[in-house]
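Reviewing the structure listed below.
The values are calculated or read from the model by the stated rules, or taken from the named source; none is laboratory data. In this text, all values refer to a predicted model and were calculated from it rather than measured experimentally. Heads up, the Cβs are rebuilt from the backbone with ideal geometry, glycines too, and the neighbour counts pull from every protein chain shown. Side chains are part of the model used for accessible areas, which takes the heavy atoms of the whole protein and leaves out ligands, DNA and RNA. Shrake-Rupley method; radii C 1.70, N 1.55, O 1.52, S 1.80 Å.
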Amino acid sequence: MTMLVALNENKNLIHITEAVRGLACNCTCFECGETVLARKGEINEHHFAHASNKESCAINPESVLHKYAKEIIQESMGLLLPAVPDSDIEATWWTFDRIIPEFPLGLIRPDLVAYTDEEPIFIEIAVTHFIDEIKLNVIQSMNVKTIEIDLSDLLKSDITIPSDDAKKLILESLEHKTWLFPTLPKPCIVNLKSNKNQSVEEKSDSSTDSTQFPTASSWEDYQFTINGIWVHARKFSGGMLSVNCTYNPEIIAMLKQWRNEGGGRYNNKYKSWNYWQPFSETILERLHLMHSTEK
């Protein structure tokens, strides 16, 4: 099998057309990591070959494209993204402060975690394998913006990988980019009413079937009063609990201590403290117990 791509001295993809002839290319095999040379003679098709003369490796086109997409996004430190659902952010070029590839986050490992103004965004590269429901539920529960880039058409095209044409399509085309989070949600609002006999009464329309809100993007809203301060909580169906309040040093210190206790993250953009299952259930229970019914 002809090897048309390899890795250069910086471990980036290089096509045979861009390589210097022979061992001077300083390249290694994309699959096995062995040293390769660039054979660019007058008779045979130009290709990479193992310096050891062993048989050519089978290069997986999906793996090549997946690596290339991550590579050029990291090199460009940005890309054009479509309008963010349910927000005033229009389609525009996003510039990132830093990008971390393959960063493990509990049950998931996003292809890229990019940061802009300290806010993370997950970037998922899809060639033949796309985000499944389990991973999607985790992403939505984490309340982190996530874009999926569908490169399946590029894989089937005649565009050379790597090339300027492929780079332009990945970075600048909007047609193959979809926001996995946020999406336009169907809110499920739980009305909270205080009385002297019950700290918090959750009311809902008895005629409403909970199965009307099966997606992980639905939520329940709670309003608590703690030491005279309003505290708002939003519980997402994926399990995450987001808590915020008007500024109060004591309550902020409490929310921060809970984060240290059970894990969580402060979202500076939304000024909220986010907690995940199973600790999110503990936080919600504590807020119920602290809720004041006094008028």
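Side notes on the structure shown:
- Residue match in segment 186-204 (condition: open to solvent by 20 Å² or more (accessible area, probe 1.4 Å) and either at pLDDT 85 or above or among the aromatic types (Phe, Trp, Tyr) (or both)): no
- Residue check for Leu155: farther than 30 Å from Tyr266 by Cα and either under 16 Å from the mean Cα position of the chain (by Cα) or open to solvent by less than 10 Å² (accessible area, probe 1.4 Å) (or both): no
- In a residue-by-residue description of segment 271-280, the property of being assigned to a helix (DSSP H, G or I) and modelled with pLDDT of 85 or more applies to at least one position.
- Per this entry, Leu13 is counted among residues that are closer than 12 Å to Pro162 by Cβ, open to solvent by less than 40 Å² (accessible area, probe 1.4 Å), in contact (Cβ under 8 Å) with a residue 24 or more places away in the chain and touching a helix residue (DSSP H, G or I) at 6+ places or on another chain (Cβ under 7 Å).
- Selection of strands (runs of 3 or more DSSP E) fully inside segment 24-134 by the criterion of at least 1 residues being touching a Gly at 6+ places or on another chain (Cβ under 7 Å) and either open to solvent by less than 30 Å² (accessible area, probe 1.4 Å) or more than 22 Å from Lys156 (Cβ to Cβ) (or both) returns 35-39, 92-95.
- Whenever a residue of segment 122-136 is of a type in the set (Ser, Thr, Tyr), its partners that are outside any loop (DSSP other than H, G, I, E, B), lying with C-beta atoms within less than 9 angstrom and at least six residues away or across chains, give the pairs Thr128/Glu62; Thr128/Ser152; Thr128/Leu155.
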